[in-house]
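Inspection log for the structure reproduced underneath, given as structure tokens.
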Amino acid sequence: MGNFYAHESAIVDEGCTIGDGTKIWHFSHIMPNCFIGERCNIGQNVVISPDVILGSNVKIQNNVSIYTGVICEDDVFLGPSMVFTNVINPRSAVNRKEQYAKTTVKKGASIGANATIVCGHDIGAFAFIGAGAVVTKNIPDYALVVGNPARQLGWVSEYGHRLKFNDEGIALCPETNQEYKLADNKVIRIK
């Protein structure tokens with residue numbers, strides 16, 4: 001275990017690996033065999049189920065449950081009360097633990113408050129999921145999606161700014177001047 005902080009009301013179960021500089025706040029529960037990277041911030045009333053993997057610098061706001069099968073890469077932001085699922089057809093009387101679907105949230109992605117990610121759908125690098133969106137399909141890198149079901153409105157930079165592409169398919173981030181290219185309905189950073 002690294003050098004991390006856990007509030008006295010937090011519970012950290014056996015077998016977890018928690019990186020240096022991570023903070024775990026009030027009434028949160030980290031269940032067995034989780035891997036949590038360095039410099040993460042886990043807000044109040046968060047539950048992280050067994051075997052979940054979080055990269056470094058993951059920010060989890062209050063009232064989020066991260067279920068078995070979820071992987072969050074580095075620099076992911078999970079907004080307040082957002083939801084992951086892990087079974088496509090849950091029933092109280094039917095045990096489906098062997099059917100947990102995997103969901104990967106890739107590097108730098110942000111998921112807004114009260115959004116729902118239906119299991120088995122990956123969120124692309126630096127994608128931005130709007131507050132209250134319901135994700136029912138894979139989301140590409142740099143995509144901006146909103147609504148129920150979530151639909152794509154456009155593209156965002158690594159700093160979260162809406163990208164406006166010129167006739168050559170090039171856009172600049174207004175904050176950083178990073179350059180992006182749109183081709184074949186995919187965005188890549190080129191500079």
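What to note about this one:
- Across every direction, the projection of the convex hull enclosing the Cα atoms of segment 40-191 has a mean area of 9.5 nm².
- Projecting the Cα atoms of PHE126, TYR67, ASN166 onto the charge dipole of the chain (Cβ charges, centred on the Cα centre) puts ASN166 farthest toward the positive pole.
- Charge sum, other residues only, whose C-beta stays under 9 Å from GLY2's C-beta, Lys/Arg counted +1 and Asp/Glu -1: -2
- Spacing of the two label points (7 Å from each Cα toward its C-beta) at LYS191 and SER81, in nm: 4.4 nm
- Peptides 18-29, 126-137 ordered by packing proxy, namely the average of other Cβ atoms within 10 Å per residue, highest first: 126-137, 18-29.
- The ASN89 and ALA113 beta-carbon pair, evaluated with R₀ = 35 Å, returns a calculated FRET efficiency of approximately 0.85.
- Here the relative contact order of segment 33-129, from alpha carbon pairs under 8 Å that lie six or more residues apart, stands at 22 percent.
- The peptide list 94-104, 40-50, put in order of mean Cβ contacts within 10 Å with the highest first, becomes 40-50, 94-104.
- Anisotropy class of segment 1-75 from Cα gyration tensor, a/c 1.5 cut: rounded
- Amide H to amide H, with H built 1.01 Å from N, HIS29 comes under 5 Å of ILE11, VAL46, VAL47, ILE48, counting only residues 5 or more places away or on other chains.
- Rounded to the nearest 20, the Cβ-based charge dipole of segment 29-118 about its Cα centre (Lys and Arg +1, Asp and Glu -1) stands at 220 debye.
- FRET efficiency for ASN138 and SER9, using Cβ-Cβ distance with R0 set to 30 Å, rounded to 0.05: 0.20
- Measuring between their Cα centroids, segment 127-191 and segment 47-115 lie 22 Å from each other.
- 19 Å cut-off, amide nitrogen to a point 7 angstrom out along TYR159 Cα→Cβ, residues in segment 75-115: 75-77, 108-110
- Net charge of neighbours whose Cβ lies under 13 Å from the Cβ of CYS40, counting Lys and Arg as +1 and Asp and Glu as -1: -2
- Relative contact order of segment 120-171, pairs being alpha-carbon contacts under 8 Å that are 6 or more residues apart, as %: 28 percent
- Both radii were evaluated on the Cα set of segment 74-137; the Rg over Rh quotient, with Rh as the Kirkwood radius, amounts to 1.01.
- A Cβ-based charge dipole, computed about the Cα centre of the chain with Lys and Arg at +1 and Asp and Glu at -1, lands at about 540 debye.
FYI, it's all coordinate maths here, none of it is from the lab. Everything numeric here is computed off the predicted structure, so don't read it as measured data. Quick reminder, even Gly has a Cβ in these numbers, built from the backbone with ideal geometry, and neighbours come from all protein chains shown.
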